[in-house]
Amino acid sequence: ATADIGPGTLGLAGVWASGVNAYYAESEWAVAAEYAIKATDRLTITPGFQYSGNIAGKGTGAAFTAAGVPVTGGTSTTSYYIVNDWSNDDAWKAGVTVDYKITQGLTTKVAVNYYDPDNGNEQWTGFVRLQRAF
């Protein structure tokens, strides 16, 4: 759900899943919020935050094979979920996205995110994208 508040738009979301499935496989439940600040006609800054409870067990093909659970298909770096088994670990993610309209029909988007799971490795991710609209 979104709502216009002040100079921007507040967004809130929540999800719950009874088990790992084709539609959602990251965690048993999650809540997220963002606030898109329209700084100028060309610049929008959107910080966001997500908290996930009971994240799904996940590992690479190599990790499963090393644990004595051989995986067929994919490569040693392919990620797999442990189906129907939520962990007792939680995770949170925070980040910011900056959108800038360069000219009519051409925009750029830059994003940086930080992810911190319980009993796992924290990660920094992001991207830079140019987008052309016709």
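The values are calculated or read from the model by the stated rules, or taken from the named source; none is laboratory data. Here the structure is a predicted model, which means the values were calculated and not measured. Note that each Cβ is placed from the backbone with ideal geometry, even for glycine, and that neighbours are counted across all protein chains shown.
Taken together, Gly48, Gly6, Gly59 contain a single residue that is farther than 20 Å from Asp85 by Cα and either without any contact (Cβ under 8 Å) to a residue 24 or more places away in the chain or aromatic (Phe, Trp, Tyr) (or both), which is Gly6. Of all residues in segment 13-30, those satisfying the criterion of being within 12 Å of Tyr51 (Cα to Cα) and surrounded by 14 or more Cβ atoms within 10 Å (Cβ to Cβ) are Val15, Glu26, Ser27, Glu28, Trp29, Ala30. The residue of segment 89-118 that is modelled with the lowest pLDDT, among those that are over 18 Å from the mean Cα position of the chain (by Cα) and surrounded by 10 or more Cβ atoms within 10 Å (Cβ to Cβ), is Gly105.
Checking the structure you have, find out if any residue of segment 68-75 is over 27 Å from Thr103 (Cα atoms), within 23 Å of the chain's Cα centre (by Cα), of a type in the set (A, V, I, L, M, F, W, C) and at pLDDT below 95. The answer is no; no qualifying residue exists.
All conditions but one from (1) free of Cβ contacts under 8 Å to residues at least 60 places away in the same chain; (2) of a type outside the set (Gly, Ala, Ser); (3) out of contact with any Ser or Thr (no Cβ under 9 Å at 6 or more places or on another chain) apply to Val20; the one that does not is (1).
Would you be able to say whether some residue in segment 75-87 is assigned to a strand (DSSP E or B), within 27 Å of Phe49 (Cβ to Cβ) and in contact with a Leu (Cβ under 7 Å, 6 or more places away or on another chain)? Give the steps one after another, and end with the answer.
Applying the first criterion (assigned to a strand (DSSP E or B)) to segment 75-87 yields 79-86.
Add one more test, that the residue is within 27 Å of Phe49 (Cβ to Cβ), and what stays is 79, 81-82, 85-86.
Pick out the ones that are also in contact with a Leu (Cβ under 7 Å, 6 or more places away or on another chain) and you get none.
The answer is no, given that none of the residues of segment 75-87 is assigned to a strand (DSSP E or B), within 27 Å of Phe49 (Cβ to Cβ) and in contact with a Leu (Cβ under 7 Å, 6 or more places away or on another chain).
Could you check how many residues of segment 1-25 are outside any strand (DSSP E or B) and within 25 Å of Lys109 (Cα to Cα)? Steps first, please.
Restricting attention to segment 1-25, the residues satisfying the condition of being outside any strand (DSSP E or B) are 1, 6-7, 17-25.
Filter again for within 25 Å of Lys109 (Cα to Cα), leaving 1, 6-7.
Residues in segment 1-25 being outside any strand (DSSP E or B) and within 25 Å of Lys109 (Cα to Cα): 3 in total.
The listed residues are Gly95, Gly126, Gly120, and the only one of them that is of a type outside the set (A, V, I, L, M), in contact (Cβ under 8 Å) with a residue 24 or more places away in the chain and in a loop (DSSP other than H, G, I, E, B) turns out to be Gly120. Note on segment 36-58: among residues that are at pLDDT 95 or above and within 30 Å of Asn119 (Cβ to Cβ), the one that is surrounded by the most Cβ atoms within 10 Å (Cβ to Cβ) is Ser52.
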